[in-house]
Structures are given as C-alpha cells and as structure tokens.
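Bear in mind that the values in this text are calculations on the coordinates, not laboratory data. Just so you know, these numbers come straight off a predicted model, no measurement behind them. Glycine gets a Cβ as well: all are built from the backbone with ideal geometry, and neighbour counts include every protein chain shown.
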Ligand code: P6P
C-alpha cells in the first residue's frame, strides 16, 4: 500500500507544496488523537468564548485551531494562514509561497454526541512571494486553489486530497501512517439521495422551495424518481458520502438573516469542497454561478452551497434560471 509520503513523492507538484500538505496531515493525526480520547481527553464541552462567526467555540475547536496554527506557521513554506476560528489572517515566513485557509474542526457541534467531524483545508499560491502577506493576498477565487482536502474523523480517520490531478483517499492505519485506499475517485453523475436541513424550508427562495417540493414528489413528480434524505450536520461527512456514492448537498440562501447569503463560508468550506467535488467529476454552484468563480471580498464571507452529482446540481441551477 502506498503511504501519503510516497504518494506525494511521486506527485508532479512543487516539493514545497508537498511539505505543506505533509504538515497538515501530521497535525490532523494529532487532532484525531485528541478526538479518540472522547470525554476522557477533557476537551468536550464549550468555551465561554465566541468566534468571529458569533458561534460558541467548542474546546476542541480551540485546540485544533491552535495545533494547526502552530504547525503551519512553523512551516517555512507557509506565507500565511486564515482560520474560521481567527478574526484576521496571520502572516507566516517571508519566503513562504503558500497560503492555507482552514476550518480546524467542522461540524464541532457533533463532538459531544460522538458523530463524525472533520478538518477542511484549502491551499492558495501567495500573490506576492517574499513579502508579508496581507488580507488581499487571500481574496482569490476558488479556481486559483493549488490543493484542497479534508480529514474526516469518523469510525476511520480518512484524508481526502486533491492537487488538481484528481481526488485520492487515504486511511490512517494503526502505525500512524496514511495509506492510499482509493485513487481518482469519481462522483456518480446521477443520484437519488439529497442532503439539506429541511427545517429552513420556509426561509428558502421560492426556486429552492419548488425544487425540493418536486424532488419530494418522487416517481409521481416531474423529476420522476424517488429520493432518500440524509443530514449529518457535518459537511465533511456529507461530502465524503457524496464522493463515495453520489448525492447532492445543499445549504442554500435563506432569509433567516438576510445579511448572510448562506451559512457556509466560502474560503474554507465552499471552495475546498468544490475543488474536490469538481476534480471528482461532480459540480458545485451558488445556484447562480460555480462556487469557485466567486471572487471573495471578505475572508469569512458566506456563500450558498449546492454540490455533488453533476446532473442534480445542474437541475437545481435550471430551477434558479
Ligand atoms: P445546521 C457545521 O456547523 C456546518 O458548518 C457544516 O459542517 C454543516 O453542514 C452545517 O453547518 C450544519 O448546519 O444549520 O444544520 O446546523
């Protein structure tokens, strides 16, 4: 079995990028170790603090963020980082050529109930090598990403990675190494499984309400087939299911808080997951344009997210035309 180190050695990418990916994978092993201990690790529960998103921070959010911040800023190839848990960007070494944005522990409301959570990361080239990074350096569209991936802390600890040449999957073995289990993963073009938080139905745009209503009519409706539903409330778990067996994941615009165009964040959720899904032959959309075409204006900006099996994403887009 090929381990991550040897797979990266074979990859036709910048050796410095390989080192950044290696740092992320090693740090996620440590995060996985904290999670494995569960309540025994003393990191269950919430801090008294809130993050920039206005969300109460779970203790493990803070621990995971600190581990990634430390290890990435110690990697001389990292020019800067941005985290869901950090208000502002943090500059790294002057010689660094890569920017890393990450959600250190996505789905952390699932930690205390022992349901899968994950770390999501996105890697961009710095636009001004050799000088201190600024916020503007990070505000690049998702189609500028050079790598993206996630680590899913589930029954197995799984790393899913793309460097723009397809999507590969690695599992963490007892010896502490990631071994490649799947390569060139493909998302089935069609699906009969959708994922959305139905409790927001009355807040969606009419086009989204119409699509889901048609979808729920199953064989008798205009879509003409029966759908099953899943909602884990952990994006990493939903995306992994879709990469494994197809499906469509939707967190659309809702008018609960009109100043927020969606719940999910563009830079470290929408973009990396879109890169993975599109590299695996799937599609991703805001319902108007591909997510990776969105030009960011703020580091924590939110975006409506529709992604998964290409035929179904394209169908949602037609409902919004
Ligand atoms: P809701 C987790 O908080 C997250 O950011 C994603 O991982 C997940 O898909 C979504 O929010 C769940 O949102 O509104 O169902 O709790």
Open item on the list: Quick check on the exposure proxy: order 94, 61 from fewest to most C-beta atoms within 10 angstrom.
Closed with: 94, 61
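How would segment 4-182 be classified by its alpha-carbon gyration tensor: rounded, prolate or oblate, with rounded meaning a/c under 1.5 and the a/b versus b/c comparison settling the rest? Before the final figure, lay out each step's value.
Numbers: a/c = 1.99, a/b = 1.18, b/c = 1.69.
Oblate.
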Open item on the list: Could you list 307, 2, 72 so that the one with the fewest beta carbons within 10 Å of its beta carbon is first and the one with the most is last?
Closed with: 2, 72, 307
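Could you give the length gained by full extension between residue 318 and residue 198, i.e. 0.36 nm per residue of separation minus their alpha carbon distance, to one decimal place?
Numbers: separation 120, 0.36 × 120 = 43.20 nm, distance 2.06 nm.
Answer, rounded to one decimal: 41.1 nm.
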- [ ] Pull out the extension gain between residue 288 and residue 88, defined as 0.36 nm times the separation in residues minus the alpha carbon to alpha carbon distance; nm, one decimal.
- [x] 69.1 nm
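Beta carbons within 10 angstrom, averaged per residue: use that to sort the peptides 290-299, 101-110, highest first. Working shown, then result.
On the way: 290-299: 17.3, 101-110: 24.8.
Those peptides, ordered most packed to least, come out 101-110, 290-299.
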TODO: Run through all the Cα pairs of the chain and give the fraction in each 20 Å bin from 0, expressed as whole percent.
DONE: 33, 59, 7, 0
Open item on the list: Run the numbers for residue 135 and residue 112: contour at 0.36 nm per residue of separation, minus the present Cα-Cα distance, in nm.
Closed with: 4.9 nm
Open item on the list: With just the Cα atoms defining each centre, how far is segment 78-125 from segment 10-51? Give it in Å.
Closed with: 9
Task: Simple label model, 7 Å out from Cα along Cβ direction - residue 76 to residue 175, nm - done: 3.0
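Given axes a ≥ b ≥ c from the Cα gyration tensor, I'd like to know whether segment 169-321 is rounded (a/c under 1.5), prolate (a/b larger than b/c) or oblate.
Working: a/c = 1.87, a/b = 1.27, b/c = 1.47.
Oblate, because a/c is 1.5 or more while a/b does not exceed b/c.
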TODO: Quickly work out the residue 257-to-residue 50 label distance, labels modelled 7 Å from Cα along the C-beta direction, and quote it in nm with one decimal.
DONE: 0.8
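Could you work out the relative contact order of the chain? I mean the mean sequence separation of Cα pairs under 8 Å and 6+ apart, divided by the number of residues, in percent.
16
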Open item on the list: Could you check the spin-label model distance between residue 233 and residue 5? Points 7 Å from the Cα along Cα→Cβ, value in nm.
Closed with: 4.0
Task: Cβ-based exposure ranking for 127, 119, 183, 287, in which fewest neighbours within 10 Å come first - done: 183, 127, 287, 119
TODO: Any chance you could check the Cα centroid distance between segment 247-292 and segment 126-166 for me, in angstrom?
DONE: 16
- [ ] Return P(r) of segment 231-319 (all Cα-Cα pairs; 10 Å bins starting at 0; whole %; ordered from short to long distances).
- [x] 18, 55, 26, 1
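Using only alpha carbon pairs under 8 Å that are at least six residues apart, calculate the relative contact order of segment 90-140 and give it in whole percent.
Values: 68 pairs, mean separation 22.5, N = 51.
The value is 44 percent.
For the chain, what does the helix formula give at 222 nm: sum of -39500 (n - 2.57) over DSSP H segments with n ≥ 4, over the residue count, nearest 500 deg cm²/dmol? The partial results should precede the final answer.
Numbers: 8 runs with 89 residues, N = 321.
Using -39500 (n - 2.57) per qualifying helix, the result is -8500 deg cm²/dmol.
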TODO: With a/c under 1.5 counting as rounded, go ahead and sort segment 1-63 into rounded, prolate or oblate using the C-alpha gyration tensor (a ≥ b ≥ c being the square roots of the eigenvalues; past the cut-off, prolate if a/b is larger than b/c, else oblate).
DONE: oblate
